[in-house]
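Notes follow the structure.
The values are calculated or read from the model by the stated rules, or taken from the named source; none is laboratory data. What you are looking at is a predicted structure, and each value in this text was computed from that prediction instead of being measured. In this analysis, Cβ positions are derived from the backbone assuming ideal geometry, glycine residues included, and neighbour counts consider all displayed protein chains.
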Amino acid sequence: MAVDYSKYRSSPDDDRKFDIAPFDAEAGRVKMIARISRALKQFNKEQGPQGGKDFDIGHNGQVRYKPTLNGQRIFVENEGEDYFPIHSSQFPSLLTDFSRNVDHGHYDKQIEAALTSESVVPATKPAKAAGTRSSSTDPLSGIRKAFGNRMGKQGVTAAEAAAALKAGGKYEEADIDKVLAEKLEAEKAAKTK
């Protein structure tokens, strides 16, 4: 005679969680704070651009800060912009305050999304005023353009373009690898036609 133990059986959804560790908020904060600290060291020219930079310095002391974690954008504010604009004289103070707020858990949801998913955390974007320029919401569009320039104008292979972009330090290596995979898949598809 078989005994029915079905009341103890986990649901299929619960069973899928077997291999997934729960998100460790403290560990996520440590990773984000390390990323912020690296940005400050890069800004102060104490460290090179290895692993990519989260900011660009423009003219007239302007900085565009676009923090990332695990290749995913972390938004300082939901301004609807892909970056946080700030003057270079205030940038170190922003990084200090941002780090403190990360440590207090204010960015845990974005950090968790960045560390546990493959998708970009969307920003809440306000409606654009008529006549304003719209920018691409695809975070890989700049990398695709850089690949195209290197492959088309310089005549290098996709792998050579990827190596050069990684050496340049402007983009996240994980993002470069995603675009490289796209390029290789497109080349493979073109050869089979």
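In summary, residue 179 fulfils each of the numbered conditions (1) out of contact with any Lys or Arg (no Cβ under 6 Å at 6 or more places or on another chain); (2) surrounded by 15 or more Cβ atoms within 10 Å (Cβ to Cβ); (3) among the aliphatic types (A, V, I, L, M) with the single exception of condition (1).
If you go through the range 48-65 one residue at a time, do you hit one that is within 25 Å of residue 170 (Cβ to Cβ), surrounded by 13 or more Cβ atoms within 10 Å (Cβ to Cβ) and touching a His at 6+ places or on another chain (Cβ under 8 Å)? Yes; the residues of the range 48-65 include at least one that is within 25 Å of residue 170 (Cβ to Cβ), surrounded by 13 or more Cβ atoms within 10 Å (Cβ to Cβ) and touching a His at 6+ places or on another chain (Cβ under 8 Å). Restricted to the range 66-87, and to residues there that are of a type in the set (A, V, I, L, M) and not in a strand (DSSP E or B), the residue that is surrounded by the most Cβ atoms within 10 Å (Cβ to Cβ) is 74.
For the range 48-64, does any single residue satisfy the condition of being over 24 Å from the mean Cα position of the chain (by Cα) and of a type in the set (Gly, Ala, Ser)? The answer is yes; a qualifying residue exists.
If the condition is being at pLDDT 80 or above and either part of a loop (DSSP other than H, G, I, E, B) or at positive phi (or both), then the range 168-189 contributes only 172.
Note on the range 1-25: residues that are closer than 30 Å to residue 99 by Cβ and surrounded by 10 or more Cβ atoms within 10 Å (Cβ to Cβ) total 3. Among the residues of the range 117-124, is there at least one that is at pLDDT below 80, closer than 21 Å to residue 179 by Cα and surrounded by 14 or more Cβ atoms within 10 Å (Cβ to Cβ)? Looking through the range 117-124, at least one residue is at pLDDT below 80, closer than 21 Å to residue 179 by Cα and surrounded by 14 or more Cβ atoms within 10 Å (Cβ to Cβ). The residues of the range 33-65 that are free of Cβ contacts under 8 Å to residues at least 40 places away in the same chain, farther than 19 Å from residue 115 by Cα and assigned to a loop (DSSP other than H, G, I, E, B), listed by number, are 45, 46, 47, 58.
Looking only at residues in the range 1-59 that are among the β-branched types (Val, Ile, Thr) and not assigned by TED's automatic domain parsing to the domain that holds residue 96, which one is modelled with the lowest pLDDT?
The initial filter retains those residues of the range 1-59 that are among the β-branched types (Val, Ile, Thr), namely 3, 20, 30, 33, 36, 57.
Still in the running and not assigned by TED's automatic domain parsing to the domain that holds residue 96: 3, 20.
Details: 3: 89, 20: 75.
Only one residue tops the list, namely 20.
Using the structure shown, decide if residue 150 is touching a helix residue (DSSP H, G or I) at 6+ places or on another chain (Cβ under 6 Å), more than 18 Å from residue 67 (Cβ to Cβ) and either at pLDDT 75 or above or not polar (S, T, N, Q) (or both). Against the criterion (touching a helix residue (DSSP H, G or I) at 6+ places or on another chain (Cβ under 6 Å), more than 18 Å from residue 67 (Cβ to Cβ) and either at pLDDT 75 or above or not polar (S, T, N, Q) (or both)), residue 150 qualifies. Every test in (1) at pLDDT 80 or above; (2) more than 26 Å from residue 55 (Cβ to Cβ) is passed by residue 145 save one, and that test is (2). The number of residues in the range 161-174 that are crowded, with 19+ Cβ neighbours inside 10 Å and not aromatic (Phe, Trp, Tyr) comes to 4. Of 96, 192, all but one fail to be surrounded by fewer than 14 Cβ atoms within 10 Å (Cβ to Cβ), modelled with pLDDT of 75 or more and under 28 Å from residue 26 (Cα atoms); the exception is 96.
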